[in-house]
Structure formats: C-alpha cells, structure tokens
1. Tally Lys and Arg at +1 and Asp and Glu at -1 over the other residues with C-beta under 9 Å from the C-beta of residue 202: what net charge comes out?
2. Which pairs in the list 24/208; 69/447; 270/379; 176/298 are over 23 Å apart, alpha-carbon to alpha-carbon?
3. Once phi is turned into ³J(HN,Hα) by the Karplus curve 6.51 cos²θ - 1.76 cosθ + 1.60 with θ = phi - 60°, what whole-Hz value does each residue of the range 47-61 show in order, with x for glycine and proline?
4. Considering only DSSP beta bridges with both partners in the chain, what is the antiparallel share in %, to the nearest 5?
5. Using a 10 Å cut-off around each Cβ, can you sort 64, 135 from fewest to most neighbouring Cβ atoms?
6. Specify whether the C-alpha gyration tensor of the chain places it in the rounded, prolate or oblate class, a ≥ b ≥ c being the square roots of the eigenvalues: rounded for a/c under 1.5, otherwise prolate if a/b is larger than b/c and oblate if not.
7. State, as an integer percentage, the relative contact order of the chain based on alpha-carbon contacts under 8 Å between residues 6 or more apart.
8. In a shell of Cβ-Cβ distance under 13 Å around residue 36, excluding residue 36 itself, what net charge do Lys and Arg (+1) and Asp and Glu (-1) give?
Amino acid sequence: MSVIAAFYGGKSILITGATGFMGKVLMEKLLRTSPDLKVIYILVRPKAGQSLQQRVSQMMNCKLFEKAKEICPNIFEKIRPIYSDLTKPDLGISKEDLEELLTHTNIIFHCAATVRFDDPLRHALQLNVIATQQLLFMASQMLKLEVFIHFSTAYSNCNLKHIDEVIYPCSVEPKKLIDSVEWLDDSIIEEITPKLIENRPNTYTYTKALGEMVVYQERGNLNIAIIRPSIVGASWQEPFPGWVDNLNGPNGLIIAAGKGFLHSLKATPKAVADVVPVDLVINLTLAVGWHTAVHRPKSILIYHCTSGSLNPCLWTDLGFQVLATFEKAPLEKAFRRPNADFTTNNFSTYLWNTISHMAPAVMYDFYLRLTGRKPRMAKLMNRMLKTISMLDYFINRSWEWSSRNTEMLMSQLSNEDQKLFDFDVRHLNWLEYTENYCLGIKKYLLKEDMAGIPAAKRHLRMLRNIHYLFNTVLFLIIWRFFIARSQMARNVWYFVVSLCYKFLSYFRASSTFRH
Ligand SMILES: CCCCCCCCCCCCCCCCCCCCCCCCCCCCCC(=O)SCCNC(=O)CCNC(=O)[C@H](O)C(C)(C)COP(=O)(O)OP(=O)(O)OC[C@H]1O[C@@H](n2cnc3c(N)ncnc32)[C@H](O)[C@@H]1OP(=O)(O)O
Ligand SMILES: NC(=O)C1=CN([C@@H]2O[C@H](COP(=O)(O)OP(=O)(O)OC[C@H]3O[C@@H](n4cnc5c(N)ncnc54)[C@H](OP(=O)(O)O)[C@@H]3O)[C@@H](O)[C@H]2O)C=CC1
C-alpha cells in the first residue's frame, strides 16, 4: 500500500484553483489514488454564464476524470463545490461555508492565481497576493489543518540567474504596496509598475514573488510548503499522455506552428526549454503534502519542480520534434504547411515577421475580401506576435534552479511511492513526451479526430501545390518585369544558367566515369 495514498485517505482537502489546468489534475490524482478521502472542497466561481454546479458537472464529465470515475464510482459525492471569488472580501465565501471549512479542513492546496502576463498590477496583486493573505488568515483559524501547500512559480525570481530553494525578499514590503495600491489610481499604478517589478518581465512573476513573501510573513504556526514549477506542459503518463486544456505556456504557439501560422520564432536555440509535465508536478505536490504534514519541518521548505538541471532539453530539439510530429499527424485546416525555424537577432526577426507572417496574412485577407468574407488573418497573426512578445523573455534565457529539497524528498519515498508518485524528471524521454504533447493538443485541446489525419495530409499536399504554383507565378512575374527588360539582368540570368549547366554536366560526367 502506498504510504502517500494512505495519508490522504479520510482527509478533508481544500483546493483553490481546482477548475484550472493544474487544479483539475490534482483533483483527479487524489480521487484515483485515494478514493477513500473524505471530501475535496473546491472553491469555484460562476463563469461564462455557467453556475457552480454546471461548471463542476462539466469539469467532472471531461475525459480527464474517466479513470478516476472507474475507481471512485461515487466521485460526485466526494466533491463539495463552494462559491468563492478571490477578488472579494473573505474570498466571497459565505459564513456557513466558512464555518464548515474552518471545522473540517485538514489540507489546503492553494493553486488559484492569475497567470496572465499582462494583468494590471492591481488585479495581479489582488489575486496573487491579497487572496493568498486572506486564505492564510482563514487557515490560521482551521481547527484540524495539518498542512498548507502554496503554488508559486520557478520564475518568481527570474531576475536572478541562479535560484535557490529559498524565499528572496522583494524591494517593497507587500503590505506597504497593498496599502498604497488601495488609494492610488490606475494611471499612477501603471506608471510605477515597471519600477516596482524591476527587471522582471511582467506583473505575474512579480506578484508570485510577493505572494511567497506574504506566505512567509503571515505563516504564524501554519505548517507550509511552497512548490515552484517551471513551464508546466501536457501530462506525461497520468491519467493518460498528452492531456492539456489551455493555451498557456507553449500550447498556443505549438498550435500556431501546427496550423502553419508560426514560421519563425526569435529564440536562443541552445537555451534550455524548462518544461515539466503537469502530472509530474502534481506527483511532487502530493508527496510534499504528505512529507510536510508527517515530518513538520521547522521552516517553510521550497520545492523546485524543473527539468533543466536534471534532464535538460533545448528549445531547438523540442521545436523540431513539434514540427516532425505535425508532419506525421497534421492539424486540420492548416493555413500553411508547418515549417518554422529560429531567428536569433532583431533584424532577421523583423524581416521574417514581415515576410512570413504579416505579408501572407495581408494577402490572405485580401483574398477573403475579394470572396466576400470577413478578413481575420492579420488579427490572428498580430495576436500570435503579441503572445510571442510576452513569451520572448522566457525562450531567450536559461536559469539554474537548485533542486536539493526535491531530491531529498525523492530519497524519502518508498519504492512503491516512487512509482505511484513519480516526480523524477530524469525518467522523461523528451522526444516521446513532445510527440504525445502535440498529439494531446490535437485530440484534447482542438478536439480533432485522429481518423481525420489522411484528410489533413491531403490538405497539406494541396497547400504545398498552391505554394509551388504561387512561387512559379511570382518567378514569371519577376522574369517578365525585370529580366526580359534589362540586358544586365539577362546577362546575370544566362551566367547563372550556364553555371548550373556546367555543374550538372560535370556531375553527370564524373558519375559516368565512376561506373
Ligand atoms: C514542448 C515545447 C516545444 C516548443 C519548442 C520551441 C521551438 C520553436 C522552433 C520553431 C518553431 C517550431 C514550432 C514550435 C512552437 C512552440 C513554441 C513554444 C515557445 C515556448 C513558450 C514558452 C512559455 C514560457 C512561459 C512560462 C512562464 C512561467 C509559467 C508560469 O508560471 S504560469 C503559466 C504561464 N502563463 C501563460 O502562459 C499565460 C500567458 N498568456 C497571457 O498572458 C495572455 O493570454 C496573453 C498572451 C497576454 C494574450 O492576452 P490577450 O488578452 O491578447 O488574449 P487572451 O488571453 O484574452 O485571449 C484572447 C484570445 O486569444 C486566445 N489565446 C490566448 N492565449 C493564446 C495563445 N498563447 N496562443 C493563441 N491564442 C491564444 C484565447 O483563446 C482567446 O480566444 P477567444 O476566446 O476566441 O477570443
Ligand atoms: N501553468 C504553468 O505553467 C504554471 C503554473 N504555476 C502556478 O500554478 C497555479 C495553477 O496554475 P494553472 O492551473 O496553470 O492556472 P489556470 O489559469 O489554469 O487556473 C487558475 C485557477 O485560478 C482560478 N481563479 C483565477 N482567478 C480567480 C478568481 N478571481 N476567483 C476565483 N478563482 C480564480 C481559476 O478559476 P476559473 O476557472 O474560475 O478562472 C482557475 O481555477 C498558479 O498558482 C500558477 O501560478 C506555476 C508555474 C507554472
């Protein structure tokens, strides 16, 4: 019997952010490996016109929970949705629900956050700092709380090259900043944001760092641990390979590449792509929850969940595996054949963005207008370029994260738990993982049927023929307007043709001689 799975048996667990990418996988793993847990309280807000029940029902009926439902038939009875909105006082939780949480909760996993890079500082502070502060205050009143696990990010201190498993102080006290933001108007906050975040790329990484400081300052007697994952990608093994449900991180750009929108990307090809599978992060999280509750370390331990130091993989390797996978299993209705490469300087980036992104988009929109349809390609390309600009910081740098605590924890697991809660990134085969990642994006994110692959390949062959035809017509136009009109251009053309002819006849002669 797994020691970790047994630990969660009979427990009342509170998960914030349970409707998010990682929260769902955390819930699924708990229900599948500890079906005898007492209850999982999930803080949920109404969204997109759906009530709490509708959201939870839709979530629990998605493919992710199929295996868990086989093992835990009464799965719906184990889930207790509680209305909450992190932007509201007391997280918007009613007095009755709060009373139940304070009385019964044994374990808290705090996943909820805004992960947007372009959130105004006030909004990011509210969700990633103030809401954490309020949850900590709530936790301090819980009668049976054993452990509080806080999700931060490995990039909370991305302004440093080497990052240890420690909490780094920020230049401004969180409390002072929170008090100031209360009376400052948005225009002033916008103006001071670049100075506050110093050399961090966005408000997301800055407020995650502030959130860690708040966790430390308001820890009281709480038994707390912090998890810092890097770029969380699709699932590696559990509950099945390739599961992903959002456009964050690499996902949007992988789709852009598969659809033929993305043809060039400014990146440092030899930079480490620090991607970690979501199920590996959740395995570490559950192991940390068990270890922290049982061993009650004297101080808050930070656990890095990264791949670069233990099993590094480069952007160039991953990128071209992405392209190779979409060659075998193309996405449907591609705009162009998937074909992309890196640029490494601003000039070539600007040039390729103009030639291979914006010019084709403008021409396609012109075609759409001619055929009476609404132009949309230029808007899509601009959105992709905006996303790339937001991710540029992360794909043109590498970091060194220590992993002492994570490796220590690995040594504390029984053989069975090392299999059931495998968070050893050294076991990951990147080529296989990236292929499953892309296939997962096709199946689970884009809901494309694998039976449609032959048709998608035919579509790509048609695009290839159109591409060749377009190039031929372009050449003839160039010929007609330049070479046919200019003696110099004609001389150059004849020189090139004669050179090619001589090379070919030499090549043919040498191969005949060899025989
Ligand atoms: C396995 C990886 C292999 C890749 C190797 C690369 C090599 C390349 C070689 C050549 C190319 C070969 C092909 C390979 C292509 C893959 C390239 C991957 C690049 C690597 C990416 C690195 C990622 C690093 C980031 C990690 C930081 C730390 C992680 C964390 O701690 S938190 C999680 C990270 N957070 C996020 O990712 C959120 C980021 N998103 C945002 O902040 C916002 O979405 C935004 C980017 C600012 C855009 O905001 P907008 O307001 O403009 O849009 P909005 O979000 O409102 O959405 C509007 C509509 O657009 C759709 N949409 C949203 N996001 C995307 C997206 N990323 N791509 C496409 N479309 C997107 C959204 O659905 C909305 O649509 P609508 O509802 O229909 O309107
Ligand atoms: N994904 C990644 O690459 C990484 C993520 N992390 C961290 O992991 C945690 C989870 O990330 P991930 O699952 O990817 O994020 P998601 O964006 O998928 O999920 C965020 C969760 O927070 C909830 N939330 C956001 N705003 C509110 C609000 N106002 N009130 C109530 N709930 C709210 C969302 O609820 P709703 O569904 O209603 O919007 C959702 O459940 C975060 O703390 C993030 O910083 C760390 C490193 C990498």
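Just so it is clear, none of the values below were taken in a lab; they were calculated from the coordinates. Computed from a predicted structure; not experimentally measured. Note that each Cβ is placed from the backbone with ideal geometry, even for glycine, and that neighbours are counted across all protein chains shown.
1. So the environment of residue 202 carries a net charge of 0.
2. The pairs that break the limit, which is 23 Å between Cα atoms, are 270/379; 176/298.
3. 8, 6, x, 9, 6, 4, 4, 5, 5, 5, 4, 5, 5, 6, 9
4. 5 percent
5. 64, 135
6. Prolate, since a/c reaches 1.5 and a/b exceeds b/c.
7. 16 percent
8. Once all neighbours under 13 Å are counted, the net charge is +3.
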